[in-house]
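Engineer: Questions regarding the structure given below will be posed in turn.
The values are calculated or read from the model by the stated rules, or taken from the named source; none is laboratory data. All values derive from a computational prediction rather than experimental measurement. With ideal geometry, Cβ positions are generated from the backbone for all residues, glycine too; neighbour counts draw on all protein chains shown.
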Amino acid sequence: MSRLKGNYHAVSAKIKAMHSFYLTEGDYEQLLSRHSVGDVCAYLKNSSGYAEVLAGVNDREIHRLDLENLLRNEVRNEYARVYRFVEREQRKMLRFWFERDEIEFIKHCIRYILSGESGGIQGVSKYITSFFREHTKINLELMEKARTFDELTEACRDTDYHGVLIRASQSGADTFSAAMLLDRHYYQSIWREKDKYLSDEDAKIFAEYIGQNIDMLNILWIYRSKKYFDVDSEIIYTYLIPVRYKLSQEDMRSLVESSGYEAIEEYISKTPYAPLFQNIKQDYFVEENYNRLIYRLVRRLYKREPLSMTSVFAYFTAKNIEIRNLQTIIEGIRYGFSADAIREHLCV
């Protein structure tokens, strides 16, 4: 198997050009001063890198969910441009970002079906890009018609997710377990494949990015299981990603067997991931802290390792966080929160 030897100069130049369209702190301040979804849309359409994807949109009539779907499409469009630009060997690793998007699409569909709102799948699929339709092995026609979890599973028959969805069905097919099993499959696969498609040096850099992500996701999943779902320890083990980076197997055992979520907070306070639980009693959510830590990580890796596949994944991860920031602003404006209240929940 040939390995990528780090020929990333052209890719790095393209990513750097795209990076120049990131929203600035000044942009965020302008957006925080807006008073409606339409005002946000108008600013993005005329003042940022979102102009192309929002071209032709009537900002006076745009619905919140439609705007959010269009913004997510900008990330997909950027991915398509990079995918077509890179060498064939580099695509083998880059495809994992596309698989991340496929899994998020499946999760959306699962939520609609299990909530009894299966008609909402048409709303999601309406914004699927031509690149997605061209490259996915999900049967989109069957997915749009799906009304049950079994029908959704059938739409994924020709994908790597089919077996995962069957296991989810056998374990009860609830949204939580299905999402966790899909994520477990994804991160286990990308951890294994990095050594196949990257040079030893690039694989080590990529391990820093994906390994910390896996550690924190495992912590979050244990924490949620203890705090919100009262899941038995034996069940928690089945959902953990079987990869250890900065946390050992003994760390995992201690977390899973802990007496409750307070004990998890105490244990993690003595590890490199202590910031996950900082300020959560002051209206911060642990998921927000996770996003902040990931954002700092990818910004650091993007600057430190510009000539690597990690910098490409770092760019798109940061772009997704930018979209999440925009969703936070849109939601905050919709519900009448002050600019200061919204600002506290942004990752910048």
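Engineer: Report, ordered by the first and then the second residue, all pairs with beta carbons closer than 8 Å, sequence separation of six or more or different chains, a first member in region 272-295 that is closer than 19 Å to LYS246 by Cβ, and a second member that is among the small types (Gly, Ala, Ser) and at pLDDT 95 or above.
Structural biologist: Qualifying pairs under 8 Å: PHE277/SER269; TYR295/ALA318.
Engineer: What number of residues within region 115-137 satisfy the criterion of being within 21 Å of the chain's Cα centre (by Cα) and either farther than 19 Å from ASN77 by Cβ or among the basic types (Lys, Arg) (or both)?
Structural biologist: Residues meeting the conditions: 6.
Engineer: Of all residues in region 291-321, how many are within 16 Å of the chain's Cα centre (by Cα), among the basic types (Lys, Arg) and closer than 12 Å to ILE15 by Cα?
Structural biologist: 1
Engineer: Here's a follow-up. Would you point out the residue of region 239-264, among those that are touching a residue at least 40 places away in the same chain (Cβ under 8 Å) and part of a helix (DSSP H, G or I), that is farthest from ASN218 (Cα to Cα)?
Structural biologist: ILE264
Engineer: What are the residues in region 137-167 that are more than 11 Å from ILE110 (Cα to Cα) and of a type in the set (Gly, Ala, Ser), if any?
Structural biologist: Hits for region 137-167 are ALA155, GLY163.
Engineer: Going residue by residue through region 46-57, is there one that turns out to be under 30 Å from PRO306 (Cβ atoms) and assigned to a helix (DSSP H, G or I)?
Structural biologist: Yes: region 46-57 contains one or more residues that are under 30 Å from PRO306 (Cβ atoms) and assigned to a helix (DSSP H, G or I).
Engineer: Here is a check on your reading of the model: is THR317 part of a helix (DSSP H, G or I), within 22 Å of ALA203 (Cα to Cα) and not aromatic (Phe, Trp, Tyr)?
Structural biologist: Yes: the conditions hold for THR317.
Engineer: Evaluate region 55-72: report whether one residue or more is over 20 Å from GLU331 (Cα atoms) and surrounded by fewer than 18 Cβ atoms within 10 Å (Cβ to Cβ).
Structural biologist: yes
Engineer: If you don't mind, another one. For residues that are in a helix (DSSP H, G or I) and aliphatic (A, V, I, L, M), scanning just region 214-238, find the one that is nearest to SER258 (Cα to Cα).
Structural biologist: Here the residue is ILE222.
Engineer: Right, another one. Might you let me know whether region 274-290 holds any residue that is among the β-branched types (Val, Ile, Thr), surrounded by 14 or more Cβ atoms within 10 Å (Cβ to Cβ) and farther than 22 Å from TYR22 by Cβ?
Structural biologist: Yes.
Engineer: So which of GLY172, GLY211, GLY163 ends up being over 17 Å from the mean Cα position of the chain (by Cα), assigned to a helix (DSSP H, G or I) and without any contact (Cβ under 8 Å) to a residue 60 or more places away in the chain?
Structural biologist: Result of the check over GLY172, GLY211, GLY163: GLY163.
Engineer: In region 99-130, which residues are of a type in the set (Phe, Trp, Tyr) and either within 16 Å of PHE149 (Cα to Cα) or crowded, with 18+ Cβ neighbours inside 10 Å (or both)?
Structural biologist: Selection gives PHE105, TYR112.
Engineer: Still on this structure, I have one more. Tally time: how many residues in region 207-264 are basic (Lys, Arg) and out of contact with any helix residue (DSSP H, G or I) (no Cβ under 6 Å at 6 or more places or on another chain)?
Structural biologist: 3
Engineer: Ok, one more. For region 265-295, enumerate the residues that are in a loop (DSSP other than H, G, I, E, B) and in contact with a His (Cβ under 9 Å, 6 or more places away or on another chain).
Structural biologist: Within region 265-295, ASP283, TYR284, PHE285 meet the criteria.
Engineer: For the subset of region 16-59 comprising residues that are in contact with a Phe, Trp or Tyr (Cβ under 7 Å, 6 or more places away or on another chain) and modelled with pLDDT of 95 or more, which member is farthest from PHE313 (Cα to Cα)?
Structural biologist: This residue is ARG34.
Engineer: Can you pull out every residue in region 302-318 that is in contact (Cβ under 8 Å) with a residue 12 or more places away in the chain and farther than 21 Å from LYS92 by Cα?
Structural biologist: ALA318
Engineer: Just give me the residues in region 315-342 being of a type in the set (Lys, Arg) and modelled with pLDDT of 95 or more, in sequence order.
Structural biologist: Across region 315-342, the qualifying residues are LYS319, ARG324.
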